[in-house]
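The values are calculated or read from the model by the stated rules, or taken from the named source; none is laboratory data. The structure presented is a predicted model; accordingly, all values stated were derived computationally and were not measured. With ideal geometry, Cβ positions are generated from the backbone for all residues, glycine too; neighbour counts draw on all protein chains shown.
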Ligand SMILES: [Zn+2]
């Protein structure tokens with residue numbers, strides 16, 4: 001992965017989002033990554049539409065109602081953004097916590113993996129990563145997502161095992177995402193421990 005290309009893509013997404021949403025962009029994170037393709041074109045197609053205006057931050061992922069609240073208890077809004085360049089990203093726009101999902105990328109993934117990536121982005125909000133950035137953010141978000149799914153009856157152990165072939169394509173990232181095979185093992189370890 002070419003980091004420069006990725007950073008340029010992220011920068012383009014940020015500018016696009018700021019325009020689409022029409023608000024000052026306070027901070028926007030990198031996404032689930034490993035799935036980000038350097039050099040992918042980020043285009044303004046005006047498709048940034050709010051998926052959920054529900055106050056409780058509910059949205060539909062893989063046919064399942066999910067919701068997310070941040071560390072302050074504020075509902076996290078989910079938006080579908082075409083050409084995001086990754087499955088999902090988490091961030092804050094004008095103090096409103098946001099999860100952005102690329103409908104084309106996530107739509108190609110199995111249901112449970114879609115839910116995992118949504119919960120991974122949610123975890124960044126739940127764990128308050130905006131207020132205390134650290135290099136362990138990505139592994140913490142992964143573990144939180146897996147355990148949350150496990151404890152809510154969404155993920156069985158075999159679901160987590162089934163993620164491995166999809167994650168295998170990922171080379172990891174400079175932002176702390178583990179390379180795919182390592183990440184798959186780590187997720188399983190999270191499932192098997194407290
Ligand atoms: Zn992340």
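Among the residues of region 120-136, just one is away from the ligand (no atom under 11 Å from the Cβ), without any contact (Cβ under 8 Å) to a residue 60 or more places away in the chain, touching a helix residue (DSSP H, G or I) at 6+ places or on another chain (Cβ under 9 Å) and in a loop (DSSP other than H, G, I, E, B), namely 134. The residues on offer are 163, 155, and the sole one that is assigned to a loop (DSSP other than H, G, I, E, B), away from the ligand (no atom under 14 Å from the Cβ) and surrounded by 20 or more Cβ atoms within 10 Å (Cβ to Cβ) is 155. When residues in region 174-194 are screened for being crowded, with 18+ Cβ neighbours inside 10 Å and farther than 25 Å from residue 68 by Cα, 1 of them pass.
A residue that is out of contact with any strand residue (DSSP E or B) (no Cβ under 9 Å at 6 or more places or on another chain), under 22 Å from residue 148 (Cα atoms) and surrounded by 15 or more Cβ atoms within 10 Å (Cβ to Cβ) can be found somewhere in region 58-70. Pairs linking a residue in region 172-186 that is within 15 Å of residue 147 (Cα to Cα) and within 13 Å of the ligand (Cβ to nearest atom) to a residue that is in a loop (DSSP other than H, G, I, E, B) and modelled with pLDDT under 90, with Cβ atoms under 8 Å and 6 or more positions apart or on different chains, are 183/34; 183/170; 183/172; 183/177.
Matching residues to (1) over 18 Å from residue 191 (Cβ atoms); (2) without any contact (Cβ under 8 Å) to a residue 12 or more places away in the chain; (3) touching a helix residue (DSSP H, G or I) at 6+ places or on another chain (Cβ under 9 Å); (4) within 14 Å of the ligand (Cβ to nearest atom):
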site: 69; (1), (2), (3), (4): yes, no, yes, no
site: 75; (1), (2), (3), (4): yes, no, no, no
site: 106; (1), (2), (3), (4): yes, no, yes, no
site: 140; (1), (2), (3), (4): no, no, yes, yes
